[in-house]
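The numbers here are math on the coordinates, done by the rules we state, and not lab data. Note that this is a predicted model, so its numbers are computed, not measured. Neighbour counts run over all protein chains shown; Cβ positions are idealised from the backbone, glycine included.
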Amino acid sequence: MVKKTKDGLYIKPIEKGTTIDHLPVGTALHVLNIIGKTDSAITVAIGVPSRKLGKKDLVFVENKTLSNEQIAQIALIAPGATLNIIEKNEVILKSRLEMPKKVVGLITCINPKCITNMESVETIFYIENNALARCHYCEKIMSKDDYTARLRL
Amino acid sequence: MARKKRPKKGLGGQLSFSDIVSISDFSRNDIEIILSEAKKLEKMPLQAKKQLLFGKTVATLFFEPSTRTKLSFETAAQNLGAGVIGFADANVSSAKKGESLSDTIRVVSDYADIIVMRHYIEGAARLASEVSKKPIINAGDGSNQHPTQTLLDLYTVEKAFGKIDGLTIGLFGDLRYGRTVHSLAQALALFNDVGLVLISPETLALPDYVKKQIEGRIKYIEAQELSEFIKELDVLYVTRIQKERFADPVEYEKVKGKYGLNKKSLEKAKENLKVMHPLPRVDELSTDIDQTKHALYFEQAKNGVIVREALLNLLKDVKKW
Ligand SMILES: [Zn+2]
């Protein structure tokens, strides 16, 4: 996993852990939020050149795999990103994160009068066209910016 | 959009759900089943109707007061011979003591065969439908949904015209905040060739998210002047514009005049134009229309009972799990 550009090396490859590549610029900070406090070393690059995206963010996490919930949250805010699991300098698993159709428990509802903000009930959202999220309960619609700010961490 | 549908049970494969929560759940077929049930019950003698829910109990849980809606449901239940239990105000209910909605509903669903509920919290009815063993009928959840209002509106139109397809329907007044018109627009989009004329001040136009829901399924135009379109309309659905929506009281006064309806505003209307209003009205609908053949709103209010009877009768034997 050498991240080399014309100008040289942006991030030192990791021997073991997780890398998240092809993140849209600006989403690395949200990914850090999702990963949260950890003893693992994390390296981040923001706005580095990318053949695919023009510019992109990168997050490398050493010696750690992410939970399914964390991966689902990253898929929600950065669909199209690539997640690699690294062992002994080799990519042993590579997956392209896809926007989920339904998200359970990952974000909170923007509507203060929504039952999910009043009573302990798992949130459910349906992701519709243009990445809008509709609350299963109160039916209010959130934009991507709205729910990116409302990740349940 | 993918929505969780419960398996069809106890409904003879009729309605595609066992709870009346939101117009978004409805197909045209569901609406037609309910309207034809209402038609059937309207012709039935009261003595025969009294047998339909004999021995059953309907609970009316009004966490938020609404005298009209509650009376309408209770009348419907009694007309079908059901017993009625319930409360009219969250202050006297266990909600006041901090009991969760889920717990209240679980307990009541052991006593009652059908639960009618109104709540100020949005999504409350959906949650209730997921914890209740018995069918839930949403009688309003905050500013979200009030599906029985929409159903009675549709029933009223169909009764007056013998159809809904092909009609030109004007929605007039506050189209931004009124959940009644949002649900009605959504429901009308399930019919064929309905034309919508959306007449409101620019600041109170139908919100984009509602337009997105109906886009491509119904043709609509937006306007600010009723007079341009009055000749075209079969139905004019009037809603109230509330003063609180305006920061500037002068602006409100201007709008109030323009979006109030009286006999004179109907001079150029089709002879069989029908005026509807969810009631109660204030001054947006002049009483000088009451005696004209255009007034359909008292009939509309009366239809609330019959449509609610239809829902109770369709849901009475549902076993959810
Ligand atoms: Zn919600």
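Here is how the numbers come out for the structure above:
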item	result
Chain B: angle of helix B:249-258 to the longest principal axis, Cα-based, in degrees nearest 10	80
Residue-averaged beta-carbon neighbours from other chains (10 angstrom radius) around B:126-133	3
Residues with amide H under 5 Å from that of B:Leu236, placed H, sequence gap 5 or more	B:Gly170, B:Lys274, B:Val275, B:Met276
Point-charge dipole on Cβ atoms (K/R +1, D/E -1) for region B:147-302, about Cα centre, debye to 20	240
Inter-part distance where region B:255-321 and region A:101-128 are each reduced to a Cα centre, Å	35
Rounded to the nearest 20 debye, dipole of chain A from Cβ charges on Lys, Arg, Asp, Glu	460
Sparsely packed trypsin sites (Lys or Arg not before Pro) within region A:26-67, loop by DSSP, other Cβ within 10 Å at most 13	A:Lys37, A:Arg51, A:Lys52
Chain B - mean residue ellipticity at 222 nm from DSSP helices (-39,500 (n - 2.57) per run, n ≥ 4, rounded to 500)	-10500 deg cm²/dmol
Estimated inter-spin distance, A:Leu153 and A:Leu32, nm [label 7 Å along Cα→Cβ]	1.0
Centre separation in Å (Cα based) which lies between region A:60-87 and region B:22-54	52
Region B:21-66: chymotrypsin sites (Phe, Trp or Tyr not before Pro) falling in loop per DSSP and having at most 15 other Cβ within 10 Å	B:Phe54
Cα-based helix-to-principal-axis angle, B:101-111 vs chain B, degrees rounded to 10	60
Beta bridge orientation in the protein assembly as shown: antiparallel %, DSSP, nearest 5	50
Test item: Cα-centred dipole of the protein assembly as shown, Lys/Arg +1 and Asp/Glu -1 on Cβ, debye	1040
B:Tyr220, B:Tyr111 arranged by Cβ crowding within 10 Å, fewest neighbours leading	B:Tyr111, B:Tyr220
Using alpha-carbon coordinates, inclination of helix B:147-161 to the longest axis of chain B, degrees	60
For chain B, with +1 on Lys and Arg beta carbons and -1 on Asp and Glu, the positive-most of B:Val197, B:Leu151, B:Ala269 along the dipole	B:Leu151
